[in-house]
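For reference, the structure discussed in these notes is given below.
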Amino acid sequence: MGRLPLEGLRVADFSWIINGPQVAQWLGTMGAEVIKVESQVYPDLTRLFPNCMADRVRGPNRSGFFHLLNYGKKAITLNLSKPRGRELAYELIRYSDVVIECYPAPTARKLGLTYEQVRAARQDIVMVSVSLLGKTGLEPAEWVGWGPMAASFVGMFDAQGYPGGPPRQTGGTWPDYAVGTAVVFHVLAALRHRKRTGEGQWIDASMGETVLGQMPEWCMDYFMNGRDRRQWGNRDDVMAPHNTYPCAGEDKWIAIAVRDQAEWEALCRAMGAPEWTRDTQFADQVSRWKNRNQLDERIGQWTRAHDHLVLAATLQRAGVAAGAVLDSVELHQDRQLWEWGYWWELNHHEAGKRVLPGMPVKLSNVPQLNLSPPPDMGQHNKEIFGGLLGLSEEEIRRLTEENVLY
Amino acid sequence: MDGSASLSDLKVVEYAQMVSGPMCGKLFADMGAEVIKVEPPGAGDEARCHPPFAGDQPHPEKSGLFLYLNTSKKSITLDPTTPTGAILFKRLVEQADIVIENQPPGFMERIGLGYEVLRALNPGLILASVSPFGQSGPYRDWKGCDLVEWAMSLTGYNTPTLVVDPEKENPLRAPGRAADMIGATTAAAGAMFALFHREATGEGQWIDAPCWQAVTNTAKIEMAIYSYAGMPFSRLRASAPAGLEPSRCRDGYVYVLWVVDAHFEALKELLGHPPALAADIFKDAGSRSQNDDIVRHIIQQELAKYDMEHLVREGQKLGLPIGPVHTVAQAAENPHLEAREAFVAIDHPVAGRFRYPRALVRMTATEPAPRRAPMLGEHNAEIFLGRLGCSAEELTAMRTAGIV
């Protein structure tokens with residue numbers, strides 16, 4: 001294995017569930033030593049998530065949800081609700097470059113993980129706090145919640161629905177991943193700044209602000225024109241057709257987007273140039289956009305007879321932007337994801353052989369990432385407490401008995 | 001040191017249009033890097049012609065999409081597909097740390113500006129290529145756009161969540177530019193990894209950042225349900241645990257999470273322990289999920305008796321994860337976001353003065369600090385005459401020939 005870009009950096013990761021662990025994972029796969037701090041009091045809840053257990057057998061080291069977010073790391077157990085536990089946490093922080101936490105503000109205070117407390121342990125630390133809506137400001141800075149609540153607060157769910165309908169939720173836990181990716185860039189910029197100036201800092205990442213900053217048309221239309229874009233469906237400002245259309249089979253769909261006259265003509269040819277496509281209401285970009293509901297209905301009648309995967313390939317060959325809406329089985333079989341190198345195979349001592357998503361970015365000079373298996377709870381206690389922090393075996397045994405290393 | 005200047009030692013050339021590449025450039029520019037945006041002579045970046053426009057007036061300096069995505073950059077007009085344009089582009093590359101591009105894969109090679117050519121000019125160069133599906137593989141040459149990349153990801157399949165009638169509820173794109181945006185932030189992270197690599201080794205490299213893979217990487221629960229538990233992921237409400245969606249209240253909607261028992265107890269407390277919630281079907285999470293329809297119906301009836309503000313304030317006091325469902329306009333006027341200065345007013349000589357989202361994340365020492373987007377070719381004289389050593393006559397000749 002060649003040298004990895006972040007070798008020499010150490011991350012003390014107190015975060016759990018999705019956003020913080022995703023940040024730590026990206027840093028870890030790129031060579032930083034990530035030490036994930038858990039405890040029996042605060043285990044990473046994804047270890048317990050019942051729906052993703054390997055072969056549906058429960059166990060803290062068997063959860064796929066945990067595995068997908070935590071390979072490339074080491075894990076220790078340290079009980080921060082004990083004073084000695086907090087002391088050891090600050091000791092770890094003294095040897096670290098980055099600290100990550102994503103607890104609600106009251107919990108972070110209780111565990112001693114505010115920026116002031118962390119900086120007291122190491123002056124030039126780069127600390128990341130991820131939260132719903134930021135950790136400064138008014139009452140929402142104190143709220144409990146999970147990713148989707150941030151999207152709901154900033155208007156994404158109101159904008160998400162079908163025209164005229166109620167607000168709907170954007171899939172999964174989008175804000176957690178959106179903020180996680182943004183944080184990786186900014187934490188590396190902060191480390192670069194520290195290298196140049198010696199100054200550390202606090203990154204206060206609000207999932208809500210990340211989501212808003214990624215909805216430019218919505219924000220800017222309001223700020224420039226006072227327009228509130230609600231329940232927007234699949235409408236685009238310019239393109240039509242621009243929608244998802246039913247295909248043969250149960251709950252199978254294809255997305256089609258046409259951006260100019262040439263692509264429209266290509267689509268018409270692929271459909272066999274039926275009579276209706278020559279109707280004046282679909283004659284040019286503007287007419288198609290104005291009459292997009294009728295257009296969508298016509299196209300949907302055509303797509304319904306076709307297999308979504310075959311049709312996507314056919315339309316792409318014809319020069320039309322189209323893609324099958326893939327379900328979880330199709331995604332894991334997709335040729336592009338395999339050949340591009342997105343999937344990798346984990347051989348895990350409890351879960352066996354599994355296919356996992358890798359990094360969604362490739363670096364030409366970094367052919368092999370750190371894909372060490374997702375750690376068992378406390379797997380690296382001896383290495384970190386005995387090695388890095390220099391505790392004797394006797395101390396480790398005593399602290400384990402006292403539920404400090406717990 | 002100026003807070004915004006943490007990347008001020010970096011020179012970036014951006015040869016990119018619309019959203020993914022420009023957003024990547026913006027992240028560097030707002031933190032002080034010099035980002036020279038290379039726009040096609042004539043119309044410029046396609047985003048300049050894209051709504052919304054200030055005052056709803058189509059104008060190349062008034063697109064809100066463009067103005068937001070191109071803050072803090074310099075704009076030159078240059079056509080690198082012409083021989084003279086290519087020579088000038090190469091001179092820019094010689095002086096650059098990073099080149100960001102989102103042209104169709106293979107295009108840069110076809111115009112003689114592929115990675116190998118650029119690396120020969122500047123071995124430390126980092127080329128960040130943002131694309132729909134990647135620089136290799138069977139979909140390399142497929143056309144993409146935000147809708148298509150989003151829809152093909154499992155997160156797209158699961159949007160909106162909790163579908164009742166899959167025949168009527170077609171998959172929706174996320175509001176905003178989710179796939180383009182996460183491709184952009186992924187490319188920016190990739191370029192930053194490469195900078196660390198360069199600082200240690202002196203080597204540059206090529207970053208391949210596909211938007212589809214980036215958005216696919218956001219469906220980890222949905223993947224693991226299949227790859228670990230062996231159950232194909234379902235987007236149907238019937239297969240999700242009860243208690244995690246927008247619910248109607250008296251004056252709008254609240255988003256409330258009551259999957260686990262502790263949260264459900266807090267919810268009961270918030271609603272004043274109504275007798276309807278004492279029924280046996282509410283006794284634990286399993287039983288609530290089995291009786292999802294009736295459980296949901298009864299809870300929504302109770303929530304509908306109260307105002308949003310009351311539910312959120314009192315619910316949060318009880319430790320219940322509950323928050324308002326705002327419209328974008330309500331969010332834009334929200335006092336908490338205002339207290340955090342989440343928006344920043346920026347003057348533009350043509351478009352005017354209005355607010356913009358300030359930054360994706362907040363930083364105490366080097367906060368991103370957006371300055372107004374450049375007008376088309378605004379920095380031509382500065383860059384061509386000052387930086388690239390062209391003479392005034394050459395610049396005029398190039399303008400006449402449509403190269404600049």
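The values are calculated or read from the model by the stated rules, or taken from the named source; none is laboratory data. Because the structure is a prediction, the values reported are computed rather than measured. Here the Cβ positions follow ideal geometry from the backbone for every residue, glycine too, while neighbour counts run over all protein chains shown.
General remarks:
- Scanning segment B:299-315 for residues that are closer than 20 Å to residue B:327 by Cβ, out of contact with any Asp or Glu (no Cβ under 6 Å at 6 or more places or on another chain) and either surrounded by 18 or more Cβ atoms within 10 Å (Cβ to Cβ) or of a type in the set (Asp, Glu) (or both) returns B:303, B:306, B:309, B:311, B:312.
- Some residue of segment A:378-392 being under 24 Å from residue A:6 (Cβ atoms), in contact with a strand residue (DSSP E or B) (Cβ under 9 Å, 6 or more places away or on another chain), more than 9 Å from chain B (Cβ to nearest Cβ) and part of a loop (DSSP other than H, G, I, E, B): yes
- Residue B:335 being in contact with a Cys (Cβ under 7 Å, 6 or more places away or on another chain), closer than 24 Å to residue A:214 by Cα and modelled with pLDDT of 95 or more: no
- Selection status of residue B:374, over 30 Å from residue B:272 (Cα atoms), buried (at least 17 other Cβ atoms within 10 Å of the Cβ) and out of contact with any helix residue (DSSP H, G or I) (no Cβ under 9 Å at 6 or more places or on another chain): yes
- Among residues of segment A:157-178 being part of a helix (DSSP H, G or I) and more than 7 Å from chain B (Cβ to nearest Cβ), the one that is surrounded by the most Cβ atoms within 10 Å (Cβ to Cβ) is A:175.
- Selection over segment A:85-118 of residues that are of a type in the set (Gly, Ala, Ser) and part of a helix (DSSP H, G or I) gives a count of 4.
- Just so you know, in segment B:60-74 the residues that are surrounded by 24 or more Cβ atoms within 10 Å (Cβ to Cβ) and not in a loop (DSSP other than H, G, I, E, B) include one that is farthest from the chain's Cα centre (by Cα), and it is B:63.
Residues are listed down the side, and each one gets a yes or a no for (1) in contact (Cβ under 8 Å) with a residue 40 or more places away in the chain; (2) surrounded by 14 or more Cβ atoms within 10 Å (Cβ to Cβ):
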site	(1), (2)
B:258	yes, yes
B:264	no, yes
B:274	no, no
B:280	no, no
B:287	no, yes
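- Residues satisfying the stated conditions in segment A:194-209, i.e. in a helix (DSSP H, G or I) and in contact with a Gly (Cβ under 9 Å, 6 or more places away or on another chain): A:194, A:207, A:208, A:209
- Being under 32 Å from the mean Cα position of the chain (by Cα) and not hydroxyl-bearing (Ser, Thr, Tyr) is a description that applies to residue A:346.
- Restricting A:88, A:80, A:92 to residues that are more than 14 Å from chain B (Cβ to nearest Cβ), touching a strand residue (DSSP E or B) at 6+ places or on another chain (Cβ under 6 Å) and over 25 Å from residue B:223 (Cβ atoms) narrows the list to A:92.
- Exactly one residue among A:154, A:187, A:183, A:144 is in contact with a strand residue (DSSP E or B) (Cβ under 6 Å, 6 or more places away or on another chain) and within 7 Å of chain B (Cβ to nearest Cβ), and that residue is A:183.
- Residues being outside any loop (DSSP other than H, G, I, E, B) and surrounded by fewer than 21 Cβ atoms within 10 Å (Cβ to Cβ) are entirely absent from segment B:12-31.
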